[in-house]
Amino acid sequence: MRKTVILVCIGIMVSFVAAYAQSDEPVTFQDFVKGKEAFEENCIECHSLEWPLKKIANREEWDLTLNKMANTGAVLSKKQRQQVLEYLVAKSSFQVKCSVCHALERPLEKNKEFQDWIQTVRRMAEKKPGHLTDDEIEAISGFLTAKGAETKLY
């Protein structure tokens, strides 16, 4: 019994170390597309996507959720895990930040290329200075590009 507890603790520590060993590579909009694909393909194996798409969480909370899923058998490469994390963080940023000024349905109904989303999100950000950082603008634009023609999150 004691040996099992020690092994579980070691496993948890290893997953935390892996989670915080982030890549120095910049995140691209393709990472959001790949993150969405990995999220949909892998997470649906154990549960519906409705709950995680409804959930709003910050980076640390999503990171803990991904660790929990890995500990229950979810298998993602290091790159896929980072892409899923970025996708889910961007989704939550979109839900929290954009809903302050308007309903989410309108942007979800639009289907644009990444650069077009950047322009749109920057234009929206100018209406409420300081509300979005440049990183958030890029992440939200990446999320909206990745969502493709889908018109709702859940």
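The values are calculated or read from the model by the stated rules, or taken from the named source; none is laboratory data. Everything quoted here is computed from the prediction, not taken from an experiment. FYI the Cβ positions are ideal-geometry reconstructions off the backbone, even for glycines, and counts take in every protein chain you see.
At-a-glance table
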{"read-out": "Complete set of residues in the stretch 82-120 that are in contact (Cβ under 8 Å) with a residue 24 or more places away in the chain and of a type in the set (D, E, K, R)", "value": "86, 91, 97, 105, 109, 110, 112, 113"}
{"read-out": "Hits in the stretch 35-66 - residues which are surrounded by 19 or more Cβ atoms within 10 Å (Cβ to Cβ) and farther than 15 Å from residue 92 by Cβ", "value": "38, 43"}
{"read-out": "Residue match in the stretch 121-128 (condition: of a type in the set (Lys, Arg), touching a residue at least 60 places away in the same chain (Cβ under 8 Å) and out of contact with any helix residue (DSSP H, G or I) (no Cβ under 7 Å at 6 or more places or on another chain))", "value": "no"}
{"read-out": "Some residue of the stretch 39-48 being within 18 Å of residue 150 (Cα to Cα) and among the charged types (D, E, K, R)", "value": "yes"}
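Matching residues to (1) buried (at least 18 other Cβ atoms within 10 Å of the Cβ); (2) modelled with pLDDT of 95 or more; (3) over 25 Å from residue 60 (Cβ atoms):
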residue: 90; (1), (2), (3): yes, yes, no
residue: 93; (1), (2), (3): yes, yes, no
residue: 98; (1), (2), (3): yes, yes, no
residue: 112; (1), (2), (3): no, yes, yes
residue: 115; (1), (2), (3): no, yes, yes
residue: 119; (1), (2), (3): no, yes, yes
residue: 124; (1), (2), (3): yes, yes, yes
residue: 132; (1), (2), (3): yes, yes, no
